[in-house]
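The values are calculated or read from the model by the stated rules, or taken from the named source; none is laboratory data. Just so you know, these numbers come straight off a predicted model, no measurement behind them. Glycine gets a Cβ as well: all are built from the backbone with ideal geometry, and neighbour counts include every protein chain shown.
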């Protein structure tokens with residue numbers, strides 16, 4: 001068990017990061033902090049996916065540069081690049097909505113949201 | 001009380017996650033399943049098949065070009081959504097004159113910050129162009145270069161004001177510039193259909209394939225930078 005914890009130490013760190021983000025998202029009432037929590041969760045997922053593709057002492061997947069022979073898997077990199085773009089898009093729309101909520105309600109605290117002014 | 005329940009929930013979920021993750025093969029080992037199957041084929045023959053020594057770019061622009069087409073459409077749609085939520089209302093309020101008088105609520109940047117930003121901006125733009133154009137050979141690519149360029153535009157709008165940054169491009173070309181990535185992807189996809197009989201058929205002739213790849217990277221970068229700048233400006237205008 002302890003052995004597994006040490007060999008998977010990257011995954012332990014990622015899990016802690018994910019849980020921290022999730023806690024911020026559900027426990028904080030401020031909408032902006034919820035978005036930040038969501039971003040922390042996303043970062044944890046991206047770090048996890050990239051970590052799976054790494055090789056200890058390996059090289060980035062760039063051919064014709066005299067690197068190798070152990071290349072990191074290019075597939076997680078491409079997937080995470082797509083994921084980051086979607087995460088940025090989600091964050092942008094969320095921030096725009098928060099600005100709109102502030103304009104309509106005068107607050108971005110979840111508990112204080114009532115009828116529109 | 002509620003906080004404690006949340007904490008218990010999160011810790012329980014974390015332990016469950018950890019339990020699952022510890023069953024996976026440890027990271028960093030060459031023989032893991034993520035390095036076999038399709039990834040191994042990319043490393044074996046990806047450069048010949050896709051025409052890019054940077055295998056991540058090869059996957060993005062060639063093997064999964066259609067995915068990337070969807071991706072650039074997503075960021076464009078995000079800009080449209082942000083403008084729909086913010087822009088129309090703010091424009092109407094400013095036009096009718098019932099809103100607050102426009103005051104410059106930006107923090108006054110110090111002369112030192114201003115000078116440094118204006119000094120660094122050309123170098124940042126050059127680096128962004130380098131990252132975009134060399135994206136198929138070296139680490140980098142359209143999205144990375146676009147983000148560098150977008151960050152430069154945001155810094156500039158801190159230094160010289162959002163109004164002067166948004167005045168850099170006239171409104172009509174700006175609309176096309178923001179939509180350039182999906183449009184160029186559409187053109188390249190259809191041209192691939194005509195040239196080599198497959199969607200995104202880039203690499204029948206290596207020189208043409210390489211040129212098309214650079215065009216795609218530039219389109220992603222310019223479009224991404226325009227979208228990021230547009231989202232920032234629409235948010236910044238709201239704060240003023």
Within the stretch A:1-58, restricting attention to residues that are touching a residue at least 24 places away in the same chain (Cβ under 8 Å) and touching a strand residue (DSSP E or B) at 6+ places or on another chain (Cβ under 9 Å), which residue is surrounded by the fewest Cβ atoms within 10 Å (Cβ to Cβ)? A:29
Residues of the stretch A:59-87 classified as more than 7 Å from chain B (Cβ to nearest Cβ) and either under 30 Å from residue A:30 (Cα atoms) or in contact (Cβ under 8 Å) with a residue 40 or more places away in the chain (or both), total: 4
3 or more residues closer than 30 Å to residue B:62 by Cα: qualifying helices (runs of 4 or more DSSP H) within the stretch A:2-117: A:31-52, A:74-105
How many of the residues making up the stretch B:117-153 are surrounded by 17 or more Cβ atoms within 10 Å (Cβ to Cβ), within 13 Å of chain A (Cβ to nearest Cβ) and more than 16 Å from residue B:216 (Cβ to Cβ)? 2
Return the only residue of B:129, B:189 being at pLDDT 80 or above, over 19 Å from residue B:76 (Cβ atoms) and assigned to a helix (DSSP H, G or I). B:129
Checking the structure you have, find out if any residue of the stretch B:55-73 is more than 7 Å from chain A (Cβ to nearest Cβ), surrounded by fewer than 20 Cβ atoms within 10 Å (Cβ to Cβ) and not in a helix (DSSP H, G or I). no
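Quick one: in the stretch B:1-11, which of the residues that are more than 19 Å from residue A:12 (Cα to Cα) and loosely packed, with under 13 Cβ neighbours inside 10 Å is nearest to the other protein chains (Cβ to nearest Cβ)?
So the first thing to find is which residues in the stretch B:1-11 are more than 19 Å from residue A:12 (Cα to Cα), and the list is B:1-6.
From what's left, loosely packed, with under 13 Cβ neighbours inside 10 Å: B:1-5.
Numbers: B:1: 12, B:2: 8, B:3: 6, B:4: 10, B:5: 10 Å.
Within the stretch B:1-11, the match that is nearest to the other protein chains (Cβ to nearest Cβ) is B:3.
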Looking at the stretch B:12-23 only, could you name the residues that are assigned to a helix (DSSP H, G or I) and within 7 Å of chain A (Cβ to nearest Cβ)? B:13, B:14, B:17, B:18, B:21
